[in-house]
Amino acid sequence: MTPGPSRLDRGCDRAAAILLLAVLVVGLVTVGDYGATVDEPLRMRSSWLWWDAFAARDLSGVPDDVRAHYGVLFDLLGQLVWHVHRNWFGGVDEFLGRHALCFFTGWLGLLGTWRLARRLAPQPAPLVVLALLVLAPRWYGASFTQPKDIPFATAWVWTMLAMVRATEPPGTRVTLRVAAMAALTTAVRPFGALLLPLFAGVLILVAPGPDRRARLRWSSGQVAWLFAAGGLLTVALWPVLWTRAPWHVVRSIAALSQHVAGSPSLFFGTVYPYDAAPAAYAAVWSTITLPAPTLVGLACGLVLAAIAVRRSPPRAVWLPWALIGLWIAVPLVMPALRRTSLYDTSRQLLFVVPALCIVAGVGLTAAVRRLAQRSRRLALAAGVVLALSGIEVVARMVHLHPYEQLYFGPLVGGLPGAHGRFDVAYHAETYREGLTWLRQNRGKRTHLHLLGNGSNVGSYYCWRLNMQFNTPVFDYYVSEVRQGWEDILPGQVVHTIEREGVPLLVIKKVEPMAELTRAWLQPEAGGEWQAQAAAWGRVPTESLPTSPTGKLAFALDSPRAQRGRVYLRIQGRVRVRWQGQPLVDWPYEPFVYRASTTFPSLIPLDLDLPAGRSWLEVDLERVNVAKGVGLYFPAALELMTPTDSPPPSLHIPAGSE
């Protein structure tokens with residue numbers, strides 16, 4: 001007769017249920033406090049397109065850009081929630097329901113992690129694991145606003161749970177369960193497909209049979225079931241594959257691991273290009289964003305693992321833990337080996353956090369038990385210290401709210417210690433609060449320009465708040481505090497959003513600037529230069545060419561030799577030359593300000609202006625000319641932009657014109 005659960009098991013299970021319920025209630029009560037982040041408008045528009053395509057039974061108009069590399073299953077669920085919220089409850093915020101759905105998905109990740117820990121270790125270790133994941137501020141904050149990373153992380157957790165269950169004992173039924181969970185993970189992000197070959201290796205290891213031939217026959221059949229069911233379910237759950245070949249999954253993995261455009265990243269005070277991450281980047285980010293209890297637990301867990309390896313445990317013990325180890329090691333090591341492109345700090349590594357908490361929770365529990373064997377008072381003292389440390393984390397989460405995902409741990413001195421050394425605010429999470437303040441204190445007629453990554457989010461909230469943004473003439477600009485972006489335009493700070501004494505977003509009243517009045521246009525390569533008038537810093541769009549070889553040239557007459565900053569207002573991927581020499585080539589040469597292909601950008605250009613005339617040239621090959629092109633400069637520079645004579649040959653060294 002199998003003994004029932006012990007008193008400790010029942011008590012810990014009740015405590016876990018109470019904790020899960022408390023987190024669910026708090027999250028649903030506060031879900032309205034969170035604003036949209038950079039990726040969410042993109043995912044929202046993608047869900048619109050897919051929703052309309054299904055309604056029209058025509059998939060010819062579905063996204064064919066980078067969005068085609070992601071599954072749309074979760075986006076379509078978000079669209080369904082939005083329709084219910086709007087039509088049944090009169091909702092007007094398109095992100096509120098999506099945030100509730102995302103949070104509930106993250107909550108399912110908590111539940112899955114606890115159940116996985118129950119399979120790996122006795123109580124109270126699973127309860128400690130759950131508490132550590134609840135006290136992971138980045139996980140909690142991202143649970144509301146990351147519609148790609150949190151669903152992927154949750155699906156990964158449940159797939160790993162299915163894998164562990166499939167080893168005790170193995171069989172076709174559990175193999176199909178793993179195939180289904182891996183397909184669900186892939187339907188969120190294509191990297192989930194890597195779970196299939198991983199589990200194929202597990203099947204080979206656990207194959208039953210009296211001899212090698214029997215084990216090979218059994219494992220071959222199971223692997224065939226795994227890939228057949230996984231492939232079919234992936235196609236069924238990922239509508240992108242309905243119009244593409246199955247190997248589009250492999251193409252998507254390659255495309256997303258080597259992204260062609262991204263923001264530079266600040267790492268220990270040095271700005272690195274998006275495609276040149278330091279080897280330690282992923283590992284460092286995964287540790288500096290963890291609270292103290294988790295860090296201590298990881299250290300204990302590593303010591304415990306070293307001791308366990310020396311004892312040569314049976315396969316039934318080491319295999320599940322080997323899966324956890326691969327879950328942690330591969331994502332942290334592969335970016336260094338593959339030179340994977342940066343994707344703005346650590347949010348793509350969120351799916352590793354549950355595994356880190358599992359190791360930390362089991363390590364803490366084992367360490368306290370060993371202390372208790374030597375001295376109960378010492379174990380009690382350690383428990384009190386850990387509890388107080390957990391309370392401190394909760395207090396910081398409350399203070400950071402609703403920006404919990406900006407948390408930094410004690411390894412770098414918290415948020416104040418990370419400021420200026422790492423990118424703190426980077427995902428436009430503060431823009432709703434900032435734009436709401438601007439609307440309430442400056443009125444709906446306010447014209448503003450958005451810097452940094454906030455244009456996608458800002459366009460939605462400016463529409464909601466009835467404000468004009470990224471117009472040719474503006475009074476204010478809004479920027480995250482990141483790598484000096486907030487200082488690109490001169491002006492007076494009128495409002496700052498901060499946490500723990502660290503500024504996250506600034507709103508400035510812009511100093512008066514002069515605008516471009518005249519420019520030269522070459523409709524196509526080799527054509528004659530034509531003088532063009534400009535209105536409000538914007539070249540009239542009706543006269544701009546559609547030829548990809550067209551160019552604009554600006555004559556800048558300076559009364560003296562001086563160094564000055566001018567601002568190019570343009571939309572697209574920009575190639576600029578100064579005095580015939582390359583100055584900007586984005587995205588092939590990253591620079592401090594991220595230009596946008598979706599909204600007009602103000603690109604700062606620092607020029608050593610000679611006395612007299614100099615020339616600035618812009619290629620129109622990758623520019624959206626329908627949005628116009630403008631040039632702004634501080635009035636103190638006293639620049640003139642005449643068109644009394646056409647440009648000389650601009651493809652020669654400066655000074656030889």
*Each label point is 7 Å from the Cα along the Cα-to-Cβ direction; what then is the distance between the points at W247 and Q562, in nm?*
6.0
*Bin width 5 Å, alpha-carbon pairs only: give the P(r) of the range 482-534 as whole percents, running from 0 to the bin holding the largest distance.*
4, 15, 15, 13, 9, 8, 10, 11, 7, 5, 2, 1
_What would the Debye equation give as log₁₀ I(q)/I(0) for the range 80-126 at q = 0.17, 0.22 Å⁻¹, counting only Cα atoms as equal point scatterers?_
-0.57, -0.71
*Could you list, bin by bin from short to long, the percent of Cα-Cα pairs of the range 48-184 in 10 Å steps?*
11, 31, 32, 19, 7, 0
*asked:* Can you compute the FRET efficiency between A254 and V333 using 1/(1 + (r/R0)^6), with r the Cβ-Cβ distance and R0 = 22 Å? Round to the nearest 0.05.
replied: 0.75
*Quick one: what do you get for the range 176-245 if you divide its Cα Rg by 2.2 N^0.38 Å?*
1.22
*For the chain, what % of the accessible area comes from carbon and sulfur atoms, probe 1.4 Å?*
62
*Stretch W225-Q373 to full length: gain in nm at 0.36 nm per residue minus the Cα-Cα span?*
48.4 nm
*If we count chymotrypsin sites (Phe, Trp or Tyr not before Pro) as exposed when they sit in a DSSP loop and have at most 15 other beta carbons within 10 Å, what is the longest stretch of the chain that avoids them all?*
269-535
*With Kirkwood radius over Cα pairs in Å in mind, check (1) 27.5; (2) 29.1; (3) 30.2 and report the label derived from this structure.*
(1)
*What's the extension gain from D9 to E498 if we count 0.36 nm per residue and subtract their Cα-Cα distance?*
171.7 nm
*asked:* Just to be sure I follow the rule: in the chain, considering lysines 8 or more places apart or on different chains, how many pairs have Cα atoms under 30 Å apart?
replied: 6
*Expressed as a fraction of 2.2 N^0.38 Å, the rule-of-thumb size for a compact globular protein of N residues, what is the C-alpha radius of gyration of the range 95-151?*
1.20
*asked:* Could you tell me the calculated FRET efficiency between R518 and L326, based on Cβ-Cβ distance and R0 = 56 angstrom, to the nearest 0.05?
replied: 0.35
*So what J values fall out for the range 166-182 if you push phi through Karplus, 6.51 cos²θ - 1.76 cosθ + 1.60 with θ = phi - 60°, rounded to Hz, Gly and Pro as x?*
6, 8, 9, x, x, x, 4, 4, 6, 5, 5, 5, 4, 4, 5, 5, 5
_Evaluated at q = 0.13, 0.18, 0.20, 0.24 Å⁻¹: base-10 log I(q)/I(0), Debye formula over Cα of the range 41-101_ = -0.33, -0.62, -0.74, -0.98
*asked:* If you fit an axis through the alpha-carbon atoms of helix 94-120 and take the longest principal axis of the Cα set of the chain, what angle between them do you get, 0 to 90°, nearest 10?
replied: 30
*Subtracting the Cα-Cα distance from 0.36 nm times the residue separation, let me have the gained length for Q530 to V394 in nm, one decimal.*
42.6 nm
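The values are calculated or read from the model by the stated rules, or taken from the named source; none is laboratory data. All of these numbers come straight from a predicted model, not from anything done at the bench. Heads up, the Cβs are rebuilt from the backbone with ideal geometry, glycines too, and the neighbour counts pull from every protein chain shown. Keep in mind that these areas ignore ligands, DNA and RNA; they rest on the heavy atoms of the full protein, side chains included. Shrake-Rupley method; radii C 1.70, N 1.55, O 1.52, S 1.80 Å.
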